[in-house]
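Only one structure is covered here, and it is reproduced in the block below.
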Amino acid sequence: MALEDLFKTVTKRFNDDAPEEQEHMFKCPRCQQSVPESQFQELNKVCPKCNYHARLTAAERLRLTADAGSFVEYDTDLCSADPLHFPGYAQKVESLQALTGLRDAVITGECTIKGSRTVLIIMDSHFMMASMGSAVGEKITRAIETATEKGLPVVAFTASGGARMQEGILSLMQMAKTSGAVARHGEAGLLYMTVMTDPTTGGVTASFASLGDIILAEPKVLIGFAGRRVIEGTIHQRLPDNFQLAEFLQEKGFLDMIVERRSMRSVLSHLLKLHGYEKETSAGGA
């Protein structure tokens, strides 16, 4: 019995001294502070220390924006071909489709936002940095054209590295095509709002992202066309430290409002109602 008691004592001490399983920590790339991953997720991927807004997937953005169960997706099977037979491009697209669950870098569809019906466009930077290939441009154009036909407003969450080089000139053509759809939507007297998220650059910035009747952005997101080094090398001047950040662009009149993630849904709902797009039902009013 003495040996059995000794064994129980040693086992208890070992278990008591064993380190508890540590919760996974998120280290903010901006402030370098660490916070529990659970807290970071509860705040919808916003750092509680410095207000850094991390990138969201299209599914996460949809969950935060649309009324539950209201989203009906458009063009679910539309995806890019490989028109130039660019080496490795088809394999890259297939691997990203498997990894992200997306067909391409944007989802489009119809939903309600606190009861107000709207067409929603959400780009996802996890798919080839949401570069705008022919399928992305086609889906965005079709979504805006559908909104025009139905007399609906459009809310577009932009996030992109620009044109998709693997599709060459076919990618650049999407700038004119999406811009034309936006122009026709505006001529019909309908509201078009863009929300720029990190990053919104290149041909997307130079086309439909900058054409909103109201242009919003999340805090400190990168917005621009060419890269900082390219511009400095061209003009031979040092640019301000906050150049191409949302706050700098708002100061210069490029943005109407910077909205934090926790307030975005309410702000969008308020703007829709302000422009006459009232609730269709009371279900989404919470």
Worksheet entry | With eigenvalues of the C-alpha gyration tensor scaled by 5 and rooted, the stretch 24-125, Å | 29, 23, 10
Discussion item. Sequence gap of 8 or more, or different chains, plus Cα separation below 15 Å: how many lysine pairs satisfy both in the chain?
Written reply: 8
Discussion item. Under the rule of at least 5 residues apart or a separate chain, name every residue whose amide H is placed under 5 Å from the amide H of residue 117.
Written reply: 280
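222 nm [θ] for the chain, helices only, -39500 (n - 2.57) per DSSP H run of 4+, per residue, to 500?
Values: 10 runs with 111 residues, N = 286.
Calculated at 222 nm, the ellipticity per residue is -12000 deg cm²/dmol.
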Discussion item. What do you get for GluC sites (Glu not before Pro) in the stretch 102-147 restricted to DSSP loop and a cutoff of at most 12 other Cβ within 10 Å of the site's Cβ?
Written reply: none
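Can you tell me the mean projection area, over all orientations, of the convex hull of the chain's alpha carbons? Units nm², please. Don't skip to the answer; put the middle values down first.
Details: hull surface 88.6 nm².
Convex hull of Cα atoms, orientation-averaged projection: 22.2 nm².
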Practice prompt. Could you state the angle between the C-alpha long axis of helix 261-274 and the longest principal axis of the C-alpha atoms of the chain, as a value from 0 to 90 degrees rounded to the nearest 10?
Written response: 30
Worksheet item: Taking a quarter of the surface of the Cα convex hull of the stretch 101-153, what do you get in nm²?
Response: 3.9
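Could the peptides 268-275, 193-200 be put in order, highest first, of the mean number of other beta-carbon atoms found within 10 Å of their residues?
Values: 268-275: 17.9, 193-200: 25.4.
My ranking of the peptides, most packed first, is 193-200, 268-275.
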Item to complete: For the stretch 214-262, state which trypsin sites (Lys or Arg not before Pro) are in a DSSP loop and have at most 15 other beta carbons lying within 10 Å of their beta carbon.
Response: 238, 252
Response to the item:
Over all Cα pairs of the stretch 147-286, the Kirkwood radius sets Rh, and Rg/Rh then becomes 1.02
Worksheet item: D for the stretch 56-212, whole µm²/s, Stokes-Einstein with Kirkwood Rh over alpha-carbon pairs at 20 °C and 1.002 mPa s: what number?
Response: 140
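Taking only protein heavy atoms into account and a 1.4 Å probe, give the accessible area per residue of the stretch 32-95 in Å².
Details: 3650 Å² over 64 residues.
With the other protein chains kept in place, the stretch 32-95 gives 57 Å² per residue.
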Fill in: For the stretch 155-212, the Rg and Dmax computed from alpha carbons only, in angstrom
11.6, 36
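The values are calculated or read from the model by the stated rules, or taken from the named source; none is laboratory data. As the structure is a prediction and not an experimental result, all values here were calculated from the model. Heads up, the Cβs are rebuilt from the backbone with ideal geometry, glycines too, and the neighbour counts pull from every protein chain shown. Note: accessible area is taken over every heavy atom of the protein model, side chains too, but ligands, DNA and RNA are not part of it. Shrake-Rupley method; radii C 1.70, N 1.55, O 1.52, S 1.80 Å.
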